[in-house]
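Values quoted throughout were computed directly from the atomic coordinates according to the rules given, and no laboratory measurement underlies them. Note that the coordinates shown come from a computational prediction; the quantities given were computed from them, not determined experimentally. Counting neighbours? That spans all protein chains shown, and the Cβs are built from the backbone with ideal geometry, glycine included.
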Amino acid sequence: MEPILKVENLVKRYAKQNLVGAPQDFLALDGVSFAVSSGSTLAIVGESGSGKSTLASCIACLERPTAGNLWFAGRNLAQSAESDIRKIRPKIQLIFPDPASSLNPRWTILEIVAEPLVLQRKLGRKERNTRAFSLLESVGLSAEIAGRPASELSGGQRQRLAIARALTLDPKILILDEALSALDCSVQAQIANLLLELQNTLGMTFLFITHDLTMAAHLADEIVVMSHGRIVEHGPSTSIMRNPSHEATRQLLAAVPHLPRAPLPATQR
């Protein structure tokens, strides 16, 4: 089976200035390559500054790579015209770490979910609202709150709303860029389980971008570890967790909080 997404030697450079004002290139992505099968989840894990969010922006067609190839559904997006990329963007949706920054606080929840259909000039008003209500239900939000502004929602509810809006145009790939990092542990677990349910129902492909190796292993079939713009380790989630081969991976594992063990009863000591 052909992968739905294939990244080949992707490079992204930014022109910056050093402390004395001289021009200086910053290499954010340095020859990144991997492939993702349809219906699977790939986690891209790394510390802040490792290049994972830049990679997400390139895959979502929000930024152009400097070099390399980016194949989606048999088309090289890195070499496609802007008119062709506009047609592809709805099929690759990106969810940001803080949904509040991408949700208009003055709009109702229903208007936010229906917005992509309005922008794409798809369906009539009645059909748009019907689809919006259906999507809200699919992410666990009651139709009763559809008329409320997004500003009244909790953090977990806002993330559910962001997921519903991202699903409006039937994307093939959903990119979650630190989408759980701002939530507390119990809400993280609820959203993670929701994502797994949606994937089973819709057969979607997920790119899960995070610094949390434990959550990555819970959600993903495979894990890519990035450091300084490069992939330093790539393999099945169980192998990465049990036998990390690169120092960057071991440092991420060491950063995972461990709960202290409860003392054994006296009869078992």
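Ordered by the number of other Cβ atoms lying within 10 Å of each residue's own Cβ, fewest first, Phe206, Phe96 fall into the sequence Phe96, Phe206. Give, as ranges by residue number, the residues of the range 101-126 whose backbone N falls under 17 Å from the point 7 Å along Cα→Cβ of Ser151. Zone members listed by number: 101-112. Students often forget the sequence filter, so: which lysines lie under 22 Å Cα-Cα from Lys52 once same-chain residues fewer than 8 apart are removed? Leaving aside lysines fewer than 8 places away in the same chain, those within reach of Lys52 are Lys6, Lys12, Lys16, Lys91, Lys172. 3J(HN,Hα) couplings calculated from phi for the range 57-72 with the Karplus curve 6.51 cos²θ - 1.76 cosθ + 1.60 (θ = phi - 60°) are, in sequence order, 5, 5, 5, 7, 6, 8, 9, 8, x, 6, 7, x, 10, 9, 8, 9 Hz; Gly and Pro show x. Calculated from the alpha-carbon coordinates, the chain shows an Rg and a Dmax of 20.2, 72 Å respectively.
Scalar couplings 3J(HN,Hα) for the range 241-251, obtained by applying the Karplus form with A = 6.51, B = -1.76, C = 1.60 to θ = phi - 60°, are 6, 7, 9, x, 9, 10, 4, 4, 5, 5, 5 Hz; x denotes Gly and Pro.
Local charge for Ala182 was computed over the other residues whose Cβ lies under 13 Å away, with Lys and Arg +1 and Asp and Glu -1, and equals -4. Fully extending the segment from Gln120 to Ser37, taken as 0.36 nm per residue of separation minus the present Cα-Cα distance, adds 27.1 nm.
Extending 7 Å from Cα along the Cβ direction at Asp184 and again at Ile85 yields two label points whose distance is 4.1 nm. Each residue of the range 140-150 is assigned a 3J(HN,Hα), and the resulting list reads x, 10, 6, 4, 5, 9, 4, x, 8, x, 5 Hz, derived from the Karplus form 6.51 cos²θ - 1.76 cosθ + 1.60 (θ = phi - 60°), x at Gly and Pro. With both labels modelled 7 Å from their Cα along Cα-to-Cβ, the Trp107 to Glu247 distance reads 4.7 nm.
Taking every DSSP beta bridge that has both ends in the chain, the antiparallel portion is near 60%. The range 121-149 and the range 34-111 have Cα centres lying 24 Å from one another.
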